[in-house]
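The structure appears right after this line, and notes come after that.
Readers should treat all values here as calculations from the given coordinates under stated rules, not as data from a laboratory. The model shown is predicted, which means the values in this text are computed figures rather than measured ones.
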């Protein structure tokens with residue numbers, strides 16, 4: 001009976017949310033190709049020999065060709081993207097004309113694209129989530145981009161992309177999309193406060209994380225203020241990628257082969273560790289604004305994504321806190337882990353000419369110059385290793401972003417399954433449920449078993 005109650009509770013939450021939308025030894029970001037080479041090789045040509053395309057498409061057929069692009073953005077991102085569209089339209093050598101239409105968010109984009117598939121008004125290029133790309137490719141409406149990537153004339157250097165960015169959009173050997181934006185959930189650590197508590201380095205292991213979090217909580221109980229006795233440590237957040245990142249910290253995850261598997265030793269260790277933190281008051285819930293709490297020394301750790309980093313800097317300044325803080329991965333062994341996520345460029349199937357036109361626009365968008373401008377506007381990761389050399393001034397004014405970039409070699413993939421669209425929401429809801437009903441640390445296996453059962457139902 002309890003299992004049924006949990007099932008219906010999660011399903012009810014899922015229905016309302018499923019469309020909405022993851023140390024010290026950190027190799028330099030310019031060495032990401034050593035950490036994990038992309039599986040596809042860039043096309044090469046012999047010196048002095050002009051590359052020839054293997055695509056049997058008359059380039060003259062591209063003259064004046066019009067293609068449509070649907071985006072999930074509004075505001076700054078949409079404005080910059082429309083600037084890119086205008087620049088490409090006036091400068092591309094083929095005379096291709098791109099039109100962009102905002103669908104406001106990923107939910108509307110996904111639904112509008114699905115509705116358009118049986119019609120002639122479907123977009124030629126969609127900027128959606130990797131799991132959307134997996135679904136549309138399995139349905140035969142998204143293009144395998146392998147031949148475009150590997151084309152001697154129109155291809156691109158796959159080795160310039162970090163492993164976790166480049167390989168997310170694979171379905172077997174097919175390339176169903178290319179990265180458009182990538183970010184991650186990271187942990188933020190108050191270095192100055194930690195040093196006052198007796199710690200001189202980032203916590204490189206989960207045991208060290210626990211010691212630092214609990215010491216921070218103990219310090220709150222020893223001061224003269226009774227109202228802060230429940231604070232300190234880590235502020236729990238229910239983002240699916242936070243839960244997923246913690247699972248990766250303990251060698252867990254959500255997959256076993258191509259099937260969802262939640263009830264594993266690593267995941268049990270994860271949830272037990274996190275519930276014990278809460279039981280010892282070394283983590284806490286209910287912060288109205290975790291960033292403000294972090295700046296006010298009410299938490300030694302918070303989780304955040306890259307776009308939050310400028311806000312953290314401004315908040316510290318606004319409360320006149322001069323503490324040094326740092327970006328760190330989720331602890332794992334002696335290094336760490338972060339789970340990458342973000343949108344992807346998906347070329348929808350149409351005519352060969354329009355598919356090539358869409359590909360050429362995507363290739364232009366992924367050039368280092370455009371990639372650098374995306375970083376400056378969104379504060380996300382640079383998609384190409386070579387882009388970092390164009391961001392020297394940005395690094396100087398955003399040192400915490402630079403710290404995050406140095407974590408790229410630690411990046412892990414999300415599940416490469418279309419069902420991840422709904423399963424990740426269930427993961428976040430189940431994680432939140434575990435805290436809201438105060439599941440004892442010794443009973444977390446029951447929660448994981450229920451989550452596994454529901455994940456399998458959602459993936460059918």
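Out of all DSSP beta bridges in the chain, what portion is antiparallel? Express it as a percent rounded to 5.
Numbers: 23 of 36 bridges.
Counting only bridges with both partners in the chain, antiparallel ones make up about 65 percent.
Just to be sure I follow: if Rg is taken over the C-alpha atoms of the range 78-159 and Rh is the Kirkwood radius over the same atoms, what is Rg/Rh? Write down the numbers at each step before the final one.
Values: Rg = 14.6 Å, Rh = 14.8 Å.
Using only Cα positions, Rg/Rh for the range 78-159 is 0.99.
With the convex hull built on the Cα atoms of the chain, state its orientation-averaged projected area in nm².
23.2
When only Cα pairs under 8 Å and 6 or more residues apart are kept, what is the percent relative contact order across the range 333-460? Intermediate results must be reported in sequence, preceding the final value.
Details: 67 pairs, mean separation 33.1, N = 128.
In percent, rounded to a whole number, it is 26.
Suppose a student asked you for the relative contact order of the range 165-292, using Cα pairs under 8 Å spaced at least 6 residues apart; what percent would you report? Spell out each step's value before the answer.
Working: 119 pairs, mean separation 27.4, N = 128.
Once divided by the residue count of the range 165-292, the mean separation gives 21 percent.
Per residue and in Å³, how big is the convex hull formed by the alpha-carbon atoms of the range 252-331?
Details: hull volume 10.4 nm³, N = 80.
Roughly 130 Å³ of hull volume per residue.
From the helices alone, meaning DSSP H stretches of at least four residues, give me the mean residue ellipticity at 222 nm for the chain, per-run term -39500 (n - 2.57), in deg cm²/dmol to the nearest 500.
-12500 deg cm²/dmol, from helical runs alone.
In whole percent, what relative contact order does the range 361-427 give with Cα contacts below 8 Å and a gap of six or more residues? Write out the running numbers ahead of the final one.
On the way: 29 pairs, mean separation 14.3, N = 67.
Normalised by residue count, the contact order of the range 361-427 is 21 percent.
Bins of 10 Å, beginning at zero and ending with the bin holding the largest distance: percent of Cα pairs per bin for the range 308-460, please.
Binned Cα distances yield the sequence 8, 23, 29, 25, 13, 2.
Just the ratio, please: alpha-carbon radius of gyration of the range 90-130 over 2.2 N^0.38 Å, N its number of residues.
On the way: Rg = 12.5 Å, N = 41, 2.2 N^0.38 = 9.0 Å.
Dividing the Cα radius of gyration by 2.2 N^0.38 Å gives 1.38.
Rounded to two decimals, what is Rg over Rh for the range 141-242 when you use alpha-carbon atoms and the Kirkwood radius?
On the way: Rg = 22.7 Å, Rh = 18.0 Å.
Here the Rg-to-Rh quotient is 1.26.
Given Cα positions, please report Rg to Rh for the range 70-207, the hydrodynamic radius being the Kirkwood one. Numbers along the way, then the final one.
Values: Rg = 20.1 Å, Rh = 18.3 Å.
For the range 70-207, the value is 1.10.
Taking only the Cα atoms of the range 263-388, how large is their convex hull per residue, in Å³? Don't jump to the answer; show the numbers that get you there.
Working: hull volume 25.5 nm³, N = 126.
Value for the range 263-388: 202 Å³ per residue.
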